[in-house]
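These notes are about the structure you will find just below.
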């Protein structure tokens, strides 16, 4: 930055005011902010008030921030990133993302709004510069946003580090893990003397281990957006000791998001816990592999309309998880599988159903637009009848028919 005396002299030349007059304005500004504003920051504010173009912003420390200050710069480390929030106000939808930035003098929260969020790839631990910051206060706590033409410069990006599940210990906070969502169990609502809320247990695993995981309150809705088998990342989770070992929890500050990382297939992750069984030996809610042949593809609708974001069944173009969406066709097939011991109805969803019949999503659209369900199923039965097949999945009771069915997770 320029020398303070040089800046004062420059202001004096451009405005016609004496150096003494400029210094009095600076002193008045410093006094107004009760010593929390550096001289450099005060000079910058006087420069702006006198209508002069600033070549640089004033770089200040977090403990120098005062309510109402603007057009300053801060350099710090991202301490924590909070989950994305969506809201609706006066009939308009919006979203915000907050994070904590820290330097050697303190800690402050900065909030990004709407289109600002997509501009920056922020990660915990990265060193950044806030350019054209704007300070306000809420409940007597300082908070920042980006002012007009504000920007974030990533000085040193820290790549997110993910721990292997087998390396987790109890009592950890700010845990980042990536794995597959293996099973989701129905959520429960609870109420006690202190609070009420929702909780959902799910099975989570990577190539090193499996564990029981729990989503709390608003994280229940987030975990419901993901399909079983999908790769997800849990950011800022925490661990506790449970009845059966270490448990991973996703609470208020946790982020659950889709992962693009390469992960083994479900069957590889679960290989130490999977046994091959005859159909008459299946036990509800346990993972098994069965060998059999296709006896019949049963009549019924071979697709349903689903949200393209979370895969949930929809009516019209509104998803209760994701709001307004385009919608897409998602394949579903009910197939009678038999071996020498018994037969069972197996349900294939989405890409697994398409893999069974050798179709793409485009094929599904074309065939269902041109032919009736009955005609399609007739053709598929001719093509697949008596085909030998090995399936990985789990048995469960159909709540409508009370019959045991096999939920297919992979074609082996």
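The values are calculated or read from the model by the stated rules, or taken from the named source; none is laboratory data. As the structure is a prediction and not an experimental result, all values here were calculated from the model. Counting neighbours? That spans all protein chains shown, and the Cβs are built from the backbone with ideal geometry, glycine included.
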Cβ-Cβ below 7 Å, separation at least six or inter-chain, first residue in segment 382-398 and in contact (Cβ under 8 Å) with a residue 24 or more places away in the chain, second exposed (fewer than 12 other Cβ atoms within 10 Å of the Cβ) and in a strand (DSSP E or B): which pairs? 395/284; 396/284; 397/284
Residue 171 modelled with pLDDT under 95, in the same structural domain as residue 235 (by TED's automatic domain parsing) and loosely packed, with under 13 Cβ neighbours inside 10 Å: yes
Residue list for segment 177-203, restricted to those being in contact (Cβ under 8 Å) with a residue 24 or more places away in the chain and out of contact with any helix residue (DSSP H, G or I) (no Cβ under 8 Å at 6 or more places or on another chain): 178, 183
The residue from 351, 407, 355 that alone is over 30 Å from residue 93 (Cα atoms), over 26 Å from the mean Cα position of the chain (by Cα) and not in a strand (DSSP E or B) is 355
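Quick grid of which residues meet (1) at pLDDT 90 or above; (2) surrounded by fewer than 17 Cβ atoms within 10 Å (Cβ to Cβ); (3) outside the structural domain of residue 174 (by TED's automatic domain parsing):
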residue	(1), (2), (3)
83	no, no, yes
93	no, yes, yes
96	yes, yes, yes
102	yes, yes, yes
106	yes, yes, yes
115	no, yes, yes
140	no, yes, yes
147	no, no, yes
Can you name the residue in segment 248-281 that is in a loop (DSSP other than H, G, I, E, B) and within 24 Å of residue 345 (Cα to Cα) and is also nearest to the chain's Cα centre (by Cα) among such residues? 265
For residue 303, the lone unmet condition from (1) modelled with pLDDT under 90; (2) assigned by TED's automatic domain parsing to the domain that holds residue 388 is (1)
Criterion first (surrounded by fewer than 15 Cβ atoms within 10 Å (Cβ to Cβ), outside the structural domain of residue 389 (by TED's automatic domain parsing), out of contact with any helix residue (DSSP H, G or I) (no Cβ under 9 Å at 6 or more places or on another chain) and without any contact (Cβ under 8 Å) to a residue 60 or more places away in the chain) does residue 245 satisfy it? yes
Cβ-Cβ below 6 Å, separation at least six or inter-chain, first residue in segment 77-98 and outside any strand (DSSP E or B), second modelled with pLDDT of 90 or more: which pairs? 82/98; 83/255; 84/97
In segment 21-54, what count of residues is obtained for those that are in contact with a strand residue (DSSP E or B) (Cβ under 8 Å, 6 or more places away or on another chain), part of a helix (DSSP H, G or I) and at pLDDT below 75? 3
Could you go through segment 224-242 and let me know if any residue there is over 16 Å from the mean Cα position of the chain (by Cα), buried (at least 19 other Cβ atoms within 10 Å of the Cβ) and outside any loop (DSSP other than H, G, I, E, B). yes
Consider residue 152 carefully, then state whether it is at pLDDT 90 or above, outside the structural domain of residue 287 (by TED's automatic domain parsing), over 22 Å from residue 306 (Cβ atoms) and surrounded by 14 or more Cβ atoms within 10 Å (Cβ to Cβ). yes
Here are the criteria: (1) in contact with a strand residue (DSSP E or B) (Cβ under 9 Å, 6 or more places away or on another chain); (2) surrounded by fewer than 19 Cβ atoms within 10 Å (Cβ to Cβ); (3) over 30 Å from residue 218 (Cα atoms). Tell me which single one residue 279 does not satisfy. (2)
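Restricting attention to segment 1-13, which residues are surrounded by fewer than 16 Cβ atoms within 10 Å (Cβ to Cβ), outside any loop (DSSP other than H, G, I, E, B) and either at pLDDT below 85 or not assigned by TED's automatic domain parsing to the domain that holds residue 71 (or both)?
4, 5, 6
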How many of the residues in segment 173-223 are within 14 Å of the chain's Cα centre (by Cα) and not in a strand (DSSP E or B)? 6
Restricting the search to segment 107-135, which residues are over 20 Å from the mean Cα position of the chain (by Cα) and over 23 Å from residue 252 (Cβ atoms)? 127, 128, 129, 130, 131, 132, 133, 134, 135
Testing residue 120 on (1) in contact with a helix residue (DSSP H, G or I) (Cβ under 6 Å, 6 or more places away or on another chain); (2) within 20 Å of residue 160 (Cα to Cα), one condition comes back false. Which one is that? (1)
